[in-house]
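Input: a single structure, listed below in structure tokens.
Here, each number is a calculation from the coordinates, and none is a lab measurement. Owing to the predicted nature of the structure, the values given are computational and were not obtained by experimental measurement. Here the Cβ positions follow ideal geometry from the backbone for every residue, glycine too, while neighbour counts run over all protein chains shown.
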Amino acid sequence: MPILKILVVDDEPGIRSGISRILRNFRVDYPFMDEAFEFEVLEASTGEAGIEMIEKSIPDILLLDNKLPGIQGIEVLDYIKKKQQNIIVVMITSYASLELAVRATSDGAYDFIPKPFTPQELKSSIENITKRVFLKKMTNKLQDTGKQIRFTFLSVLSHELKAPLNAIEGYLKMIKERQMGPNVEDYDVMIDRSFERIKGMRNLILDLLDLTRVESGKAKRDIVDVDMVQIAHTAMDTMRPYAIQRDVKLQLTEVGPLIIHADPEEMEIIFNNLISNAIKYNKEGGNVECSIQRNEGCMEVKVTDTGIGMSQADIEKIFDDFVRIKNDKTKNISGSGLGLPIVKKLIDNYSGKIEVNSIPDKGSTFKVLIPIDKPCS
């Protein structure tokens, strides 16, 4: 049975012993895993002791207090960052140091758990981290190994598709048996929910196909002179029905044409993902503004929305495979967690870069720079 090593660095003995007690017999299991994960908990009361233990044996997960005797938790985090050690760091913090914890997540910490926390809050965080560790290891192995790892990857896919298929099957059975009576309108909600489930499955499959193409490389990329203004217009036209459905207004600002040497299909993927996300995470009656222009030898694309926005800690995660920001505002929004990682990989292929600015409850701006004839500054 696989074991993840957790190091708890906290100067409060009660916190250390409490975490050890909560996780002693705790197991994390998902249908796509061959075996459940268990945990080995190690303890350190100071930052110096924590670093010493890390040097001897690198843990998978570090639960790190902010305020410690001697060096502070933020200094331990800086040590891990400089050493480029593959450790998932979670800050455990009192409410008084919440701001520092948020700042720490932008410096490399994966998450933070406020004190006092309940056993269930700790377990939920560890469950999410364990899934992340498993999927990350699986993705890395997928690049180097063969059939067995591909089978595991397909197991994840089948798990993600099983729930919506079961839901659709249940709705169809209720309709067939007329469980709501003979009135056709009484089944509209079930039909709408089935369509929503089908759309989610289709998007997942398309995202996986895009990711596979980007990771493995197509047999031949079609690199030609592309008018990016035309690509932008096509993407806006493609997404307009979705925007109307969500009551979101689309606006494109351009001074065209703007020609770059690129694969048109890859450029469409970038635009479609950015614009669809701006619509998906927007508010009813919101706006999406897309601009495209030349900026000192680069094509600059900006997609700005008036949506729910993100924290800085969330921004640090959104380009990781399978990561979706989950909170009260996004719980009813479906997605694969692959769209933005695909966009980032494609932009990297052109020696470009993508930047994100966002304010919670105000909106987000994604800026893409792709060289036209020289590297972008």
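List of remarks:
- Take 188-195, 224-231, 264-271 and order them by the average number of nearby Cβ atoms within 10 Å per residue, most first; the result is 264-271, 224-231, 188-195.
- Karplus-based coupling profile of the range 29-42, in residue order and whole Hz: 9, 10, x, 8, 8, 5, 9, 6, 9, 10, 9, 10, 9, 10, with θ = phi - 60° in 6.51 cos²θ - 1.76 cosθ + 1.60 and x standing for Gly or Pro.
- Protection-proxy order for peptides 339-346, 296-303, each taking the mean of Cβ atoms within 10 Å per residue, highest first: 339-346, 296-303
- The residues packed around residue 180, meaning those with a beta-carbon under 11 Å from its beta-carbon, carry a net charge of -3 if Lys and Arg are +1 and Asp and Glu are -1.
- Amide hydrogen proximity for residue 256: with H placed 1.01 Å from N in the peptide plane, no residue at 5 or more positions away or on another chain lies under 5 Å.
- Between amide H atoms placed 1.01 Å from N, distances below 5 Å from residue 71 occur with 47, 48, all of them 5 or more places distant or on a separate chain.
- Amide H partners (placed H, <5 Å) of residue 299, local residues excluded: 370, 372
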